[in-house]
Amino acid sequence: MIPIARKAVEERTAAETKRLAALRLSKRPEHRRLVEEAESLKKQVNTVEAEFPTTLVMEEMKEPRATFVLVRGAYDKMGETVTAATPAVLSALDVGAPRNRLGLARWLVSPRNPLTARVTVNRFWQQIFGTGLVRTSEDFGSQGEPPTHPELLDWLAMTFRESGWDVKGLLRHIVTSATYRQRSQLTPSCASVTPIIACSHAARGIA
């Protein structure tokens with residue numbers, strides 16, 4: 001470094017000038033203090049980042065991998081090529097919607113797909129009353145039981161969706177209804193009815 005300092009300014013190269021300036025700067029007490037403080041902060045940052053838990057994150061491929069129907073389930077016997085889509089018995093994805101998890105998520109809460117709201121409302125009804133409007137809450141398909149009050153289920157599902165999926169509002173509406181607040185004690189009016197089950201069925205509707 002001494003030979004560089006002895007050179008005239010116009011004789012020094014850019015690299016030599018830079019090395020000489022860095023040496024002069026490193027000799028200043030204030031500079032050394034700032035460097036030590038920066039190194040200490042870097043160590044603190046590294047310590048904190050090392051404590052963060054890590055998790056695997058999925059990322060969509062830029063070019064989707066081709067998917068085939070496997071002939072008789074054999075992985076090495078590929079049949080026709082298929083693309084991502086919704087079940088044919090339900091509404092299709094919106095035009096222009098991405099054929100990935102984002103598109104599926106948007107379709108699940110789309111007004112064109114009534115299934116999500118109906119299943120969700122039925123689950124909450126079951127939690128509150130013990131039995132859902134569709135008794136087979138685990139099977140909402142054609143093999144399950146039909147809803148005991150289909151109009152009520154449709155109305156609750158529509159209200160729930162149009163409220164912006166307000167769970168608290170849905171629960172408040174159900175538990176403040178006349179159906180939920182009525183007594184379980186058998187009244188004379190119900191006892192006088194020949195089929196007593198009629199009273200229990202009437203109690204399932206929201207007044």
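The values are calculated or read from the model by the stated rules, or taken from the named source; none is laboratory data. This is a predicted model, so every value here is computed, not measured. Heads up, the Cβs are rebuilt from the backbone with ideal geometry, glycines too, and the neighbour counts pull from every protein chain shown. Quick note on the areas: whole protein, heavy atoms, side chains included, nothing else; ligands and nucleic acids left out. Shrake-Rupley method; radii C 1.70, N 1.55, O 1.52, S 1.80 Å.
Points to keep in mind about this one:
- For G144, distant residues with modelled amide H under 5 Å away: none
- HN-Hα J in Hz across region 172-183 - Karplus 6.51, -1.76, 1.60, θ = phi - 60°, x for Gly and Pro: 5, 5, 5, 6, 9, 7, 5, 4, 6, 7, 6, 7
- Region 104-168 - convex hull of the alpha-carbon atoms, volume per residue in Å³: 94
- When all protein chains stay in place and ligands, DNA and RNA are ignored, the 1.4 Å accessible-area order of R28, R183, largest first, is R183, R28.
- Gaussian network model of the chain, springs between alpha carbon atoms under 10 Å - residue of T159, T47, T13 with greatest fluctuation: T13
- Couplings for region 148-162, taken from phi via the Karplus curve 6.51 cos²θ - 1.76 cosθ + 1.60 with θ = phi - 60°, read 5, 9, x, 5, 5, 5, 5, 5, 5, 5, 5, 5, 5, 5, 6 Hz in order; Gly and Pro are left as x.
- Cα-derived Rg to Rh of region 50-135, Kirkwood definition: 1.12
- All-pairs Cα distance distribution in the chain, expressed in whole percent, bin size 5 Å: 1, 5, 8, 8, 9, 8, 7, 6, 6, 5, 5, 5, 5, 5, 4, 4, 3, 2, 2, 1, 1, 0, 0, 0
- For the chain, built as a Gaussian network whose Cα springs stay under 10 Å, the top-fluctuating residue of L133, L104, L23: L23
- Carbon and sulfur %, accessible surface of the chain computed with the full protein complex present, 1.4 Å: 58
- In the chain, lysine pairs with alpha-carbon atoms under 27 angstrom apart (chain gap of 8 or more, or interchain): 7
- If you plug the beta carbon distance of R106 and S184 into 1/(1 + (r/R0)^6) with R0 = 41 Å, you get a FRET efficiency near 0.45.
- With both labels modelled 7 Å from their Cα along Cα-to-Cβ, the T83 to R172 distance reads 4.5 nm.
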